[in-house]
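Since the structure comes first, as structure tokens, the remarks are kept for the end.
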Amino acid sequence: MINMSTIDVQTSKPVSGAFKSILVAVRNRSGAARAIELAARLATPGTTRVKLLHLQERVTYPSRSGAIEIETHKQAVDFAAKMQAELRELGVHAELEVGREHTGREAEQILLAADSFGADLIIAGNHRKSRLDTLLRGSTTRDIVRKSPVTVLLVREAN
């Protein structure tokens, strides 16, 4: 069990009251463990809907027409199902969505999923990037925070 006082979190807006629907966007194991723990603590049993979203990791190269998959679709589904089972063990039933990541559009994909789900909270992992990396490739979490009409809770991924 994770001690909430040890989790480094940031929110885009003040967190208050009960949430009716929470979207948990997970990318990898280090961020997912913390994100699902927070979702379980913030969800009200029987009233809060939770959706777990995992985008299958891919890399698109501008010089090629296709993408290289970092994880197979089966690996993505297995990972998400394992996170869903962990939420269930914490007493939270969660819907599951696994999509294919579109490089450069991850924030848009997460925000669309949140909107279609009717989420009033987005929980997402956040990892440190160098300034050069952020300049060259952008920041998904920064884009989510800037564009989201609902509260965003960022969970620092373990290094």
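Throughout, read-outs are computed from the coordinates displayed, never taken from laboratory work. Just so you know, these numbers come straight off a predicted model, no measurement behind them. Glycine gets a Cβ as well: all are built from the backbone with ideal geometry, and neighbour counts include every protein chain shown.
For this structure, a couple of remarks:
- Using a Förster distance of 25 Å, the FRET efficiency for ALA18-ASP115 (Cβ separation, nearest 0.05): 0.80
- 18 Å reach of a label modelled at GLU108, 7 Å along Cα-to-Cβ, counting backbone N of the range 36-57: 55-57
- What the phi angles of the range 78-92 give under the Karplus curve with 6.51, -1.76 and 1.60, with θ = phi - 60°, is a coupling list of 4, 4, 5, 5, 5, 5, 5, 5, 5, 4, 4, 4, 8, x, 10 Hz, glycine and proline written as x.
- Other residues lying with their Cβ under 11 Å from the Cβ of LEU111 contribute a combined charge of -1, Lys and Arg counting +1, Asp and Glu -1.
- Net lengthening on full extension, ALA81/THR47 (0.36 nm per residue, minus Cα-Cα): 10.0 nm
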